[in-house]
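The values are calculated or read from the model by the stated rules, or taken from the named source; none is laboratory data. Worth saying up front: this structure is predicted, and the values here are computed from it rather than measured. Here the Cβ positions follow ideal geometry from the backbone for every residue, glycine too, while neighbour counts run over all protein chains shown.
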Amino acid sequence: MENVLLKMENITKTFSGVKALDNVSFELRPGEVHGLMGANGAGKSTLMKILAGVYLPDSGTEEINGKPIPMKATVANAQKDGVSMVFQELNILPHLSVLENIFIGNEITKHGLYDWNAMKKRARVLLDEVGIDMDLDQRADHVSIARQQMIEIARALNLETKIIIFDEPTSSLTTEETDKLFLLMRQLRAKDIGMVYISHRMDEIYKICDRITLMRDGKVIFTDEIANVDNHRLLTGIVGKENTNQFPEKPL
């Protein structure tokens, strides 16, 4: 039997009478980078926000490592089950320090007080894991977007996450910063952390993903190994029809 880290089945979600997700199922393997693609409004972010505890579905079930998981009403509950999401709009508290952002809501205490020395020691280990060195006392809004992203990933690793969702993570990154992110993702893959990668950029999907799920109009169109998916299949699935008239002949 194939090893499955995450199984979501028959997920349905409606907003103001509009069905954003229609009986959607999705699986993630340990150590897999699973691409999630589709046009705007396809339902991909809604599905992942349900997994991350942002939204509660109307119906459906979820399992992690074969264990049924109650659908979460909060992000904190999802994090307890090992699920973290790096949002496109980064969830950084700008007025707090790098250190405070890493441990927000999960501070180390001693005798009822924050143990800053223990947190700094742990933070250095986490930042070493993500391959970056930062001034822990620096305000988070004084570091680059790429470094803010690494703070979020360090926060997820501190929570001993099993699943990390990346929502358009390279939208504000340079090519060099994107390469560093992909290097980190490959290292996380080796630790059996499952990752979902939401992106519109096909070149990135082919570069980093092992499998791909394509969604359209709140439904899954297909899930397949990345080696079996070419641009034609992907574009046809996104638009919903063969585009045979892309370059029509000019009338005489």
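Quick grid of which residues meet (1) buried (at least 19 other Cβ atoms within 10 Å of the Cβ); (2) of a type in the set (Phe, Trp, Tyr); (3) assigned by TED's automatic domain parsing to the domain that holds residue 182; (4) farther than 25 Å from residue 183 by Cα:
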residue	(1), (2), (3), (4)
18	no, no, yes, yes
29	no, no, yes, no
32	yes, no, yes, no
45	yes, no, yes, no
50	yes, no, yes, yes
56	no, no, yes, yes
65	no, no, yes, yes
Residues of region 33-64 classified as assigned to a loop (DSSP other than H, G, I, E, B) and either more than 12 Å from the chain's Cα centre (by Cα) or without any contact (Cβ under 8 Å) to a residue 60 or more places away in the chain (or both), total: 12
Output for region 189-205, where each listed residue is under 14 Å from residue 167 (Cα atoms) and in a loop (DSSP other than H, G, I, E, B): 199, 200, 201
